[in-house]
Amino acid sequence: MRPEPNRLRKYIFIAIILGLSIQFLLEYVLISGAAASTEELRVQEAQQAEFFEKRIRPVLTRNCSGCHNPKAQVAGLDLTTAEGFLRGGESGPIFNKERPEQSRILQVIGYEGKLKMPPKGKLKEDEITDIAEWVRMGAPWPGAAPVAAVSEPGKWAGRSTVREFTEQEKKYWAFQSLTHPEVPKVKEQSWVRSPIDGFILSKLEGQNIKPASPAGKETLLRRATFDLTGMPPTEAEIRDFLADDSPDAFKKVVERLLASPRYGEKWGRNWLDVARYADSTGNDEDHRYPYAWKYRDYVIESFNKDLPYDQFVREQIAGDMLPPPNSEGINRRGIIATGFLALGPKAIAQQDKKKMLYDVYDEQVDVTSKAFLGLTISCARCHNHKFDPILTKDYYSMVGIFASTKSFSDPKPLVSQVYYKPLVTKEEYDRYLEKRKAHQKLVRKEQLAIGEIIDTAREQLLATQIGRVAEYMIAARAVYQDKADPASVSREKQLDPEILRRWVEYLKPGRVRLHLLEWDKTDPSNLKTVADKYQAQFNERYAQWVKVLNEWREKYRQSVATNKEASAKPEFDAGKDRFFHEVLFPKGGPFAVSQDDKARFSETELKNLTEWKKKLDELKAQAPQEPEMACAVEDGEIADQKVFIRGDYHNEGEDAPKAFPQIVISSPGGPPQPQISSGSGRLQLANWIADGANPLTPRVMVNRIWQGHFGEGIVRTPDNFGKMGERPSHPELLDFLAWKFIESGWSVKSMHRMIMLSNAYQMSSQADEAAYSADPENRLLSRFNRRRLTVEEMRDALLAIDGSLDLTVGGTLQSGLGTDGENDNKRLSMNPEQLNRRTVYLPLRRANLPSLLNLFDFGDATTASGKRQLTNVATQALFWMNSEFVTERSNNFVRSLMADKNANDESRVKAAYRRIANREALPEEVSSALNYIADYSRKFSSEQSINKAWSSFCRALMASNNFIYVD
Amino acid sequence: MTDKFLKEQIQSMIYRPERPLSRRAWLRAAGLGFGSLSLSALLSDEMKALGATQNNPLAPRPPHFEPKAKRVIFLFMHGGPSSIDTFDPKERLIRDHGKPLPFNRPLAFDKSDAGPLMKSPWEFRPGGKSGLPVSDLFPNVRDCADDLCVVRSMVGEGVDHGAALLQTFTGTSTFIRPSMGSWAIYGLGTENQNLPGFIAIKPSLAHGGAKNWGSAFLPGTFQGTAIGHAGLKVDEIKDQPIEYLLNKRFSPDEQRFELDFIQNINRRHEALRQNDPQLEARIQAFELAFRMQAEAPEAFMVDKESEATKNLYGLDDPTTQDFGWQCLLARRLAERGVRFIQCTHSYKWDQHTELYNGHTQNAREVDKPIAGLLKDLKSRGLLKDTLVIWAGEFGRTPVSQGGDGRDHNPYGYSIWMAGGGVKGGFAYGATDEVGYHAVEDRMHIHDFHATALHLLGLEHEKLTYRYSGRDFRLTDVAGVVAKKIVA
């Protein structure tokens, strides 16, 4: 009988194991034979077996085999057999034969490292001791050959994650080269105005669906204007377009809109969603990125000037490495562009600094791969991608590029310092640093001089007062507790009244202070004793402190004399003695002296103080001006990246030389892997992504552009072209557009033209019943997708209604560096309802985005997000009903309506419709509005009832679907 | 529908005050039933699977199985209260006070400044019938010991506040994921449609800020609604607890009158555009908002409570009145069916120095309000299905810092839960002898999340949302339900 294949495999396996065992056994006998007789060996073996069965196996079974068994093999580890134990897990061997005491298993069960096992709780001490003992014996496992594990470091850790791609993976649509599809032939050829229409109509005809009729001119103008500029059309623009009967009337509109600076503000914002743009680090400390706005302005400008997209890609990844224009010293624009990599969320107070850095590289891999390639490469950080042919090695090959790129000027401090790059040459910046150093030295000198005057004054004060601590304490108690009159107490005891006042202030109960508990609890009979204790302690501490200070002074004098760097002036460590510290140092403390305590200084001292202070102020005003900076990256120390097994940096695996995803490299016609022999590889990455042969880059971008017009992409998951993303509804059209995109020189504006001048774009958002039922989700585009305004469009359009929108371009409204107090209002983003700039220019504190933006589905600015999920919820309706911002818009607008003396009520209603809904009102809408206004002012009559009624009407129209939906 | 027919309908819809058009009348007139609209188009598959409707993604949904708790009140102690000074007594620290830590110190926040072992300055005493030990910092909470399920073996990964807060609320310390409350209302909807389902009272702006009650990639509908923030005083919040909730300018009559007109315009707009569920959804959103505006403010009127109740929460004492107000408001919201409520004692517990002074003051501010909340919930029969959670973002080290403080310790710290189906008078898990590492029944934050969802009747592995090509969940790829704590 022929064994079944499975069984056969099992036999072979057993044979191998036996073979290995015999070999190991021989080895063992040979080695140990020299030291022990066979008999001794047998006894020893029996003892060890007993020890194992009684003390070790039960512990393993109880605590480990739940996960580490042949079936589950969590972390690749099986602890039910000797083979499994000796083989170790994914992270390598757990047993070290040469140095058993260094075996990983002991660290892990000892809870010494990051990995702690068992996860549910540390083993009992005696269990740990037993296992340690057993491991020291050489981990004898009865029934199996007592063998050495494969214990060379690296051998198992080097187990590669690389695997062959399946045919299916290789053939996945997104990795195939671009095709150059022909425009399909259709029956209704007359509908085809642009090649796009051929692709759309052919699918519709295949399903017997008719495309919707063309949209009306008002609708089309509003649609196009919001699409390209994020703003409503003005009344003049509406009038002009309605009056223009020429066949290229709409083409002229498109050109006008593309030439408007408002275009870059709208499409720049679309890109900023993808670039997860914000003006602070978010996560833990939310430090400001003080120069982030330069990147934002760069993006807006790039769209406005139709920077070829391939160049846009290159600049954002490696702009600092591209040759400067006009061969000036640095590529200013290119440096700013790398803000794309620099502006991500960062947990800068994370204390595991290596992990923090790798989280940043991860974030950079993530945003780069999603934004440009539509790939979720970061999913492969801990294991090969579960759905796409992206290997862990691919991931770390890309991580290596960012690990060789500098994002921090100094990651080591408690709060790591983010890197800002000077926008001047290195020489110029070094000169600045020199100047700053010299200046800081001067400042320190002045500060020191002031400090010395103050210290001297304090010392003088103490010279007479130090012995009177106890007296002051007792006197203060008489004041705060027994309500004695402070003036008479100080007179009677001959105490300084000001110092007594401070002692009272300091000692009076209210705050909990451990170091004053004894004093607080003392009963009157014991007062003196306790006060003397405080006095004694104070004396002792003061003597020590003066000694420290004088020693430093001596050293300082010497270093000044020898022109050496002086050590910093010592500061008293408050935790050492809080009583002493509080009495002596903080401003207003009983014996403290500050610049404001004029009575403590002699006239000369006061004069000197004032002079020094003046000098210091002058000096500070002369601080050298910092050169212009940018939030940007540059090449750092070059890293030889390894795969981190399970994403754990403690656990290095095979080498991951800098490279790009194998599946794309190996696709026929795909862009080849360039040589990366020096540098970070960022420039090579940039060029590789921007290579026309890269099948993903052009597809991903034309899909984003398409989505910006139709509300949905041809691929409806714009940041994920992988298996878990959606398939293209019109793959040929996608390729056609990508091809034309490259052919146009990667011109985004030419794509807008091509799309907007098609019949597909100009369809009505209404279609017949048959089209709805055949394709409810409108995947085949039988009609235009009606869409809700984004929050930026909504707010900007509201501000445009009453003419209060400030159209200043660029710059920043954010000021300051670092972060703010934990619950300071400044932690909030600036309130959009109190500003008049376009929304794109409002600074975004990542941790606390403006609540208006949150409310209307802005997203969270933490990962590349090419598509917002727009919602319709009650809390949004509350904004329309109750926001002062909305009422202010309508009140202002009504005032201007009323100011027009030539207008009548009917024309005012029409004007409101034009301004708010951007179209002519229907006659029934006019009469409806007039009825409402009359009725409102009748019902709620008041002094301003007419304006109030009009304002109500305008607000209602703004709140209505006429405003917030674009047909 | 012919154009002529439509036109007639539109004609009939001209606003005439004597004949306001009800939605039903309009639907009849236009010959369209609500059910004929395609409602599903805009809903994600997940939402459909959960039984949400387009108009109301927050409609209550059945849990995966019979829940123990229907709602959660999370009392968050921002800064990191010390476990070994509150709920986890350590004899060894008394014995070895001043001696060095007997093993290598794990990664701390401030590596430079560690002292020797430091005993707790507070005594522990048994509380209730169970005798569960609680330190003198919490005498009032100690009276409720029989309701407390203290977890002494919490483990997190963040040694800095930001990472630790984010992990406590979202499960991960470095990536932005939906917060616990967002997952809860995503899974369960909420019971009172006139109030938000997830409310964060006076939340902290720092250490993750709004991400700690945000919905991240879940639809914005599931984000928490903030009631002011920790930097504001109660008096600054009371009058407008939820942004845009109230209108001081117009009377309800005026607003209703205007809303009828908005809806009139919207109906006309909708009649000209068929088959678009989002238009109807927005019309409904306005109606819901109007009801919310009328009914929600009452929930925030803490002043309406009896003096006895207010005093129970310490509203009569300046020390306790802020957190007391938060706790009492939380009870009012819980009573009204809000699913997930966070109260925050913001950023006070971070005693790197002066542990005694700081913790004494902090505990005074919250002890009475918390005990008041537990007692009040119990007497109203609400505690049995309300899960109360008390937690900081981590605990503090058994070794001193800066002379008289303690550093951050995420390796083994205590939280407690009460009500909502947990065992009372019970301590779960343990730390090592000095209280540094959790060693017994370790409860990682993922396990804590899995357990909290379990109590709400949700299987943490099934509560997923597809985003960016992956099915995400609160517990990432981990999480084990601690069944031992379930009553």
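Each value in this text was obtained by applying a stated rule to the coordinates, not by laboratory testing. Keep in mind it's a predicted model, so treat the numbers as computed, not measured. Reconstructed Cβ throughout: ideal geometry from the backbone, glycine too, with neighbour counts over all protein chains shown.
Annotations for the structure displayed:
- Chymotrypsin sites (Phe, Trp or Tyr not before Pro) within the stretch B:454-484: DSSP coil, no more than 15 neighbouring Cβ in 10 Å: none
- Rounded to the nearest 5, the antiparallel percentage of DSSP beta bridges internal to chain B is 50%.
- Gyration tensor (alpha-carbon) shape descriptor, the stretch A:673-814, a/c threshold 1.5: oblate
- Three-way shape call for the stretch A:620-661 based on the alpha-carbon gyration tensor, with the a/c threshold at 1.5: prolate
- Enclosing the Cα atoms of the stretch A:770-895 in their convex hull gives a volume equal to 175 cubic angstrom per residue.
- Estimated FRET transfer efficiency when R0 is 51 angstrom, pair A:Phe165-A:Gln189 (beta carbons, to 0.05): 0.75
- Cα-projected label distance for A:Lys252 with A:Gln834, points at 7 Å along beta-carbon direction, nm: 4.5 nm
- Length gained on full extension, A:Ala543 to A:Thr179, computed as 0.36 nm times the residue gap minus the Cα-Cα distance: 122.4 nm.
- Peptide ranges B:454-461, B:180-187 listed from the most packed, as the mean C-beta count within 10 angstrom indicates: B:180-187, B:454-461
- Cβ-based net charge around A:Glu712, under 9 Å, with every Lys or Arg adding one and every Asp or Glu removing one: +2
- Prolate/oblate/rounded call for the protein assembly as shown, Cα gyration tensor, a/c under 1.5 rounded: oblate
- Of all lysines in the structure, those lying under 25 Å Cα to Cα from A:Lys483, and not within fewer than 8 positions of it along the same chain, are A:Lys493, A:Lys508, A:Lys521, A:Lys528, A:Lys533.
- With both residues required to sit in the protein assembly as shown, DSSP beta bridges show an antiparallel share near 60%.
- Summarising the label geometry, the points placed 7 Å from Cα in the beta-carbon direction at A:Thr456 and B:Asp239 lie 5.6 nm from one another.
- On the beta carbon distance between A:Ala623 and A:Ser677, with R0 = 45 Å, the FRET formula returns roughly 0.55.
- Charge sum, other residues only, whose C-beta stays under 15 Å from B:Arg442's C-beta, Lys/Arg counted +1 and Asp/Glu -1: +2
- Ranked list, fewest to most other Cβ atoms within 10 Å of each Cβ, for B:Val477, A:Val643, B:Val366, A:Val966: B:Val477, A:Val966, A:Val643, B:Val366
- For the stretch A:429-621, radius of gyration divided by Kirkwood radius, i.e. Rg to Rh on alpha-carbons: 1.06
- Dividing the summed helix terms, -39500 (n - 2.57) for each DSSP H run of n ≥ 4, by the number of residues in chain A produces a 222 nm estimate of -15500 deg cm²/dmol to the nearest 500.
- Per residue, the average separation of C-alpha pairs within less than 8 Å and at least 6 apart gives the stretch A:380-491 a relative contact order of 9 percent.
- For chain A, averaging the sequence separation of C-alpha pairs within contact (under 8 Å, six or more residues apart) and dividing by the residue count gives a relative contact order of 17 percent.
- Nearby aspartates and glutamates by direct alpha-carbon distance to A:Lys614 (threshold 12 angstrom, same-chain neighbours under 8 apart not counted): A:Glu446
- With bins 5 Å wide beginning at 0, the percent of Cα pairs of the stretch A:550-698 falling in each bin runs 2, 6, 7, 7, 10, 10, 6, 5, 5, 6, 7, 8, 8, 6, 3, 2, 0, 0.
- Taking a straight Cα-Cα cut-off under 12 Å and skipping sequence neighbours fewer than 8 places away in the same chain, the aspartates and glutamates within cross-link reach of A:Lys54 are A:Glu127, A:Asp130.
- Straightening the chain between A:Arg727 and A:Asp430 buys 101.6 nm, computed as 0.36 nm per residue apart minus the Cα-Cα spacing.
- Over the residues of chain B, the helix contribution to mean residue ellipticity at 222 nm works out to -9500 deg cm²/dmol, using -39500 (n - 2.57) for each DSSP H run of at least 4.
- Neighbour-count order for B:Trp390, A:Trp134, fewest beta carbons within 10 angstrom listed first: A:Trp134, B:Trp390
- A:Ala438/B:Lys99 FRET efficiency (R0 60 Å; Cβ-Cβ; nearest 0.05): 0.75
- Contour minus Cα-Cα distance for A:Asp482 and A:Lys305 (0.36 nm per residue): 55.8 nm
- In terms of distances greater than 31 angstrom between alpha carbons, the cross-link table entries A:Lys412/B:Lys211; A:Lys354/B:Lys90; A:Lys120/A:Lys826; A:Lys587/B:Lys90; A:Lys598/B:Lys233 yield A:Lys354/B:Lys90; A:Lys120/A:Lys826; A:Lys587/B:Lys90; A:Lys598/B:Lys233.
- Checking the cross-link pairs B:Lys375/B:Lys462; A:Lys564/A:Lys620; A:Lys294/A:Lys658; A:Lys370/A:Lys421; A:Lys555/A:Lys615 against a 27 Å limit on the alpha carbon distance flags B:Lys375/B:Lys462; A:Lys294/A:Lys658 as lying beyond it.
- Rough spin-label spacing in nm, given labels placed 7 Å along Cα→Cβ, for A:Glu554 and A:Asp900: 8.9 nm
- For A:Glu169, A:Glu50, B:Glu280, order by how many other beta-carbon atoms lie within 10 Å, fewest first: A:Glu50, A:Glu169, B:Glu280
- Centre-to-centre separation between the Cα atoms of the stretch A:398-447 and those of the stretch A:366-393: 33 Å.
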